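The values are calculated or read from the model by the stated rules, or taken from the named source; none is laboratory data. Quick caveat, the model's predicted, so the values are computed rather than measured. Note that each Cβ is placed from the backbone with ideal geometry, even for glycine, and that neighbours are counted across all protein chains shown. Heads up: the accessible areas ignore ligands, DNA and RNA and are worked out on the full protein's heavy atoms, side chains in. Shrake-Rupley method; radii C 1.70, N 1.55, O 1.52, S 1.80 Å.
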Amino acid sequence: MDYKSTLNLPKTPFPMRGNLPQNEPKRYAKWFESGVYERMKKNREGAELFTLHDGPPYANGKIHIGHALNKILKDIIVKDNYFQGKAVRFTPGWDCHGLPIEQQVEKKLGKAKKEQLPKTKIRQLCREHAAKFIEIQKEGFKALGVIADWDKPYVTMDFRFEANIYRTLCDVAQKGLLVERSKPVYWSWAERTALAEAEVEYEDKEDYSIYVAFELEDSAKQKLGHPEAAAFVIWTTTPWTLPANVGISLNPHEMYVLTRDGYIVAEKLFETLVENGVVEGPVEMRIPATDLEGMVAINPLNGRPSRIVLGEHVVMENGTGCVHTAPGHGEDDYRVGLVNNLEVVMPVDEEGRYDETVERLQLLPEPEKFVGMHIFEANEEIIRLLGRALLKAERFTHSYPHCWRSHTPLIFRATKQWFISVDGTPEGEKRSLRTIAMDEIEKTAFYPEWGRNRLVSMVEGRPDWCISRQRDWGVPIAFFRHKKTGEVILDEKVLNFIAMIFEMKGCDAWYEMEIKDLLYPGSGYDPDELEKVMDILDVWFDSGSTWNAVLKSRNYDAGAYPADLYLEGSDQHRGWFQSSLLLSSAVEHKAPYKAILTHGFTVDEKGEKMSKSKGNVVAPDEVAKKYGSEILRLWVAMSEYKSDLKISDQILKQVAENYRKIRNTFRFLLANADDLQRPVPVEELGELDRWIVKKAAGVFAQMRNSFDGYDYAKGFHQLNNFLTNELSGIYLDITKDRLYCDDKESHARRSAQTAMAMIARALLPLVAPVLTHTCDEILEYAPPAIKKEAKDLFDLCYEPLPEVEVRMDEAFLLLAREAFFEIVDRLKKEGVIKQTLELGLVTQSESLKSLNPKDAEDWFVVSEITEASDAEVLGEFEVEGERFAIVRASGYKCPRCWRFAAPEEEALCERCAKVLNV
């Protein structure tokens, strides 16, 4: 007789294979068409709120694997909070202004054509470019299963958004933190424009290397006790900057020496300078740099004072240790000048020529000869004018910044810029902006914790924030300036009126409308006496003010301010985390976030950066086509994302194997709980079923704890161990007999089914944040005992498994099982047995009596356990002093259940005969 039809074999329509690349797009489309995000909001009305504020990607180009990592991780965290029963808000955003988009437009137009177009047309083309890529990127993110408020994202070029960026600027100004002053920037004299660092390329350039003596004032010589001669020796490769010198920087931690021939240099560089013939010896005096601070030397070109200051930027690798300082011509010079209140002298115009400043300030002998002369053409004449102050001059070739467009050498040139004063005190506060920001960092939670020190170091040592740019595509610093006095109008009504116009017409209005139409009608100012400030805001100001434009405005249902979490790559300690912190601290005197989470960057399996030339780029859309986005999502969750994340085809194959293990475990649970109509009450569960429920409860609690600390890799490692070892490795194996062969309604079978249904139901919302598509599919096919009242996945909420009492001695039984199977493996290899059901165990173990006889047999997957037997002993083992002997089972093989428990050949065992009523 064929007994197969009498067995309770597992059955489920849930497919073994996911066919993810084919099925995901259909399910995702169904979610978005049915308004899944709005439904999630409705399901959690009145619940505790969790807000993740999205750091905006740049609206330029298709999404790459770094974008995918970032958005998937955000999506996982948002869904994890949702499935814990919280209300969630996740409004995605895009950064739309700035240089990269402007460059793309220029590339398409050509530089000559772009320069002929009006600013408004260039801005229109930039707007169109950004809008195109917002849609491309949005579809890319949705194809990864990311659920967010896609119908109402925030876009920094939307009119109302631009108005709120501008309002944030006005708030900073009203707080008294906005200042305008000169600052050196990379300047292309060939293109007559300031450049961002991204537009700078390095090429070889031949330059002069000169050593120049700056004689000390007589009072300083007297103080040193060297009245006849004492001069600081500076080294420079830019003789043309010497007319603008106002100081000499020394390293505050170094010793300096005064030589017999009257020159002062760093002690560490003295020998080298002697060898190079710059100075002679010997050393007459050693002087700490701090004793020289505040002395005044004389510029040999123009007789102007040059103050001795201390600066950490002074290095001992080359030069003299005495750094020529011209704040108008260098970033370090500028910073040390700010600290020491040095004058910023800028005698160079936008074409790289000396202007009237050299004549007005008498920066050179016969200065009128130099007005209009290009600075690079002036080097030889300046060297000649130095006379005896020139100690050595030679030519050399070095790597030097060049303009990426014209390939001409750049200069540092101070221009008037707008700054947020980091050490200024906001109105209504006693602390400086820097102190407020530092205090707020202390209150913020960091994942990982080392992020705190990184942000502290960024804020602690940063200079004032230069927020102005001389570009076309951005939010204008829309202030009026009085033509005669230069005063900037910060009248609240004037600023509010401009913001209102921006809200209705966008900030293009600043370029399209006349001053009389932009000026508040009752302001009392004459529009003819005013001019517009034409700078635009640094794009980091745009994204740094999103907390105001998104969370605090009522234009979006985006959650609460401050947000629960900001999440971006680790480079954003320098960027978005910091710009957001500074603006929120300036205006609201608090951080815009309660916690910061950072992830690393994506690299290939060798740890190398991805590039098209190396051929190691992994594109998210290609991964989705080959494996499915679920595999990419599981890769994110299983990776230690706090450091750099390795990804390759081989790594994705391993992740796909893990996915199959999870999927097939769920399939087994669904198939075996298929006909469960009335679950067994928890208190009536069998001992082994109580054991696996308790085990699962403990593992799920560990996972929940890991997830709460955003450690998804640890959580999934805990899950995989449980699935491999206890659930699949033991429980699903030892319950097959009762599930398949017991009477359909037997308590043991229904108890095992109940345990499986409980575990499946609890596990679904736990892994759903990562494997959302798969879990939704599982629930679709799940039997009523698992599905209960849920229509789909989004009706679920995580509930911990109930506490159950377990009497069995787990530690003992696991050791016994391990020892037993070690011998079984040997017996199988030797061909003694084919399966464990051929065996019986002989033992008088008291510990084993914590299980009923059938559970004990199932634990070892044997056909009998007795206290005594005359059968041949095939193996023996001992656990905690209790002995076990392995023998052949005394019965015959039951043709239905294959247990060796039948009374004779071809007969059914007692259990099977009873089930079949024969």
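Restricting the trypsin sites (Lys or Arg not before Pro) of segment 338-376 to loop positions (DSSP other than H, G, I, E, B) with no more than 12 neighbouring Cβ atoms within 10 Å leaves nothing.
Remind me, relative contact order of the chain in percent, using alpha carbon pairs under 8 angstrom and six or more residues apart? If you can, show how the numbers build up before the last one.
Values: 1669 pairs, mean separation 132.1, N = 918.
Here the relative contact order equals 14 percent.
Under the classification rounded if a/c is under 1.5, otherwise prolate if a/b is larger than b/c and oblate if not, where does segment 678-738 fall, given a ≥ b ≥ c as square roots of the Cα gyration tensor eigenvalues? Verdict is oblate for segment 678-738.
Within the accessible area of segment 654-716, what % is carbon and sulfur when the probe is 1.4 Å and the other protein chains stay in place?
On the way: 1110 of 2410 Å².
Ligands and nucleic acids excluded, carbon and sulfur give 46 percent.
Between Lys493 and Thr435, the FRET efficiency from the beta-carbon distance, with R0 = 30 Å, is close to 0.40.
In this structure segment 851-918 gives 56 Å² per residue of accessible area when probed at 1.4 Å with all protein chains present.
I'd like to compare 426-434, 281-289: which one has the highest average count of other Cβ atoms within 10 Å, and what's the full order after that?
Details: 426-434: 15.7, 281-289: 14.1.
Ranking, from highest mean packing down: 426-434, 281-289.
Across segment 316-331, computed HN-Hα scalar couplings (Karplus, 6.51 cos²θ - 1.76 cosθ + 1.60, θ = phi - 60°) run 10, 7, 7, x, 10, x, 10, 9, 4, 10, 10, x, x, 10, x, 5 Hz from first to last residue, x flagging Gly and Pro.
Measuring r between the beta carbons of Ala29 and Lys62 and using R0 = 25 Å, the FRET efficiency lands at 0.80. The H on the amide N of Thr193, modeled in the peptide plane, is under 5 Å from the matching H of Ser188, each at least 5 residues off or on a different chain. Computed extension gain for Ala790 through Val315, at 0.36 nm per residue and net of the alpha carbon distance, reaches 164.2 nm. Maximal additional length on extending the Glu780-Arg574 stretch stands at 69.6 nm, based on 0.36 nm per residue less the C-alpha distance. Residue by residue, segment 563-573 carries 3J(HN,Hα) couplings of 5, 5, 8, 10, 9, 8, x, 5, 6, 7, 4 Hz when phi is fed to the Karplus relation 6.51 cos²θ - 1.76 cosθ + 1.60 (θ = phi - 60°); x denotes Gly or Pro. Tally Lys/Arg at +1 and Asp/Glu at -1 over every other residue whose Cβ is under 12 Å from the Cβ of Ser545; what's the total? Every neighbour counted, the sum reads -4.
If the limit is 26 Å between Cα atoms, which of Lys695/Lys849; Lys142/Lys590; Lys79/Lys138; Lys42/Lys787 go over it? Spell out each step's value before the answer.
Working: Lys695/Lys849 20 Å; Lys142/Lys590 34 Å; Lys79/Lys138 18 Å; Lys42/Lys787 20 Å.
Cα-Cα > 26 Å for Lys142/Lys590; rest within.
Under the Cβ-under-4.7 Å rule, which cysteines of the chain stay unpaired? Lacking a cysteine Cβ partner under 4.7 Å: Cys96, Cys126, Cys170, Cys322, Cys403, Cys466, Cys507, Cys775, Cys797, Cys912. The mean sequence separation of alpha-carbon pairs under 8 Å and at least six residues apart, normalised by the residue count of segment 1-97, gives a relative contact order of 36 percent. Between Glu605 and Arg883, the simple label model (points 7 Å from Cα in the Cβ direction) yields a spacing of 5.2 nm.
Remark on Arg304: its backbone amide H falls under 5 Å from those of Asn299, a criterion applied only to residues 5 or more positions apart or on other chains, H modelled at 1.01 Å from N.
Accessible area per residue for segment 250-370 in Å², computed with a 1.4 Å probe and the full protein assembly in place, what is it?
Numbers: 5450 Å² over 121 residues.
I get 45 Å² per residue for segment 250-370.
Keeping the other protein chains in place, figure out the carbon and sulfur percent of the accessible area of segment 724-774, with a 1.4 Å probe.
Numbers: 590 of 1140 Å².
Roughly 52 percent, rounded to a whole number.
Summed over qualifying helices (DSSP H, 4 residues or more, each -39500 (n - 2.57)) and divided by its residue number, the chain shows a 222 nm mean residue ellipticity of -11500 deg cm²/dmol. Near Thr602, the amide H atoms lying under 5 Å from its own belong to Leu645; only residues 5 or more places off or on other chains count, and H is placed 1.01 Å from N.
Helix 119-142 axis versus longest C-alpha principal axis of the chain: approximately 20°, rounded to the nearest ten. Overall shape of segment 328-473 was characterised from the C-alpha gyration tensor. The equivalent ellipsoid obtained from it has semi-axes of 40, 19, 17 Å, in decreasing order. Gain on full extension, evaluated as 0.36 nm per residue between Glu872 and Tyr202 minus their Cα-Cα distance, stands at 232.7 nm. Listed by chain and number, the lysines whose C-alpha is less than 18 Å from the C-alpha of Lys606, apart from same-chain residues fewer than 8 away, are Lys614, Lys642, Lys646, Lys653. Return one number: the angle in degrees, 0 to 90 and rounded to the nearest 10, between the long axis of the Cα atoms of helix 810-829 and the longest principal axis of the Cα atoms of the chain. Approximately 80 degrees, to the nearest ten.
Its relative contact order, with pairs defined as Cα atoms under 8 Å and 6+ residues apart, puts segment 691-850 at 23 percent.
Phi angles across segment 689-700 convert, under the Karplus curve 6.51 cos²θ - 1.76 cosθ + 1.60 with θ = phi - 60°, into 3J(HN,Hα) values of 6, 5, 4, 5, 5, 5, 4, 4, 4, x, 5, 5 Hz, Gly and Pro given as x. Protein heavy-atom accessible surface, 1.4 Å probe, per residue over segment 686-779: 25 Å².
As a rough guide to protection, the peptides 49-55, 484-490 ranked by mean Cβ packing within 10 Å, highest first, stand as 49-55, 484-490. Listed by chain and number, the aspartates and glutamates whose C-alpha is less than 15 Å from the C-alpha of Lys626, apart from same-chain residues fewer than 8 away, are Glu24, Asp649, Glu657.
Surface composition of segment 128-201: carbon plus sulfur atoms hold 47% of the accessible area, using a 1.4 angstrom probe and ignoring ligands, DNA and RNA.
Stick to Cα atoms and the Kirkwood definition of Rh, then tell me Rg/Rh for the chain.
Working: Rg = 38.0 Å, Rh = 33.6 Å.
Value, to two decimals: 1.13.
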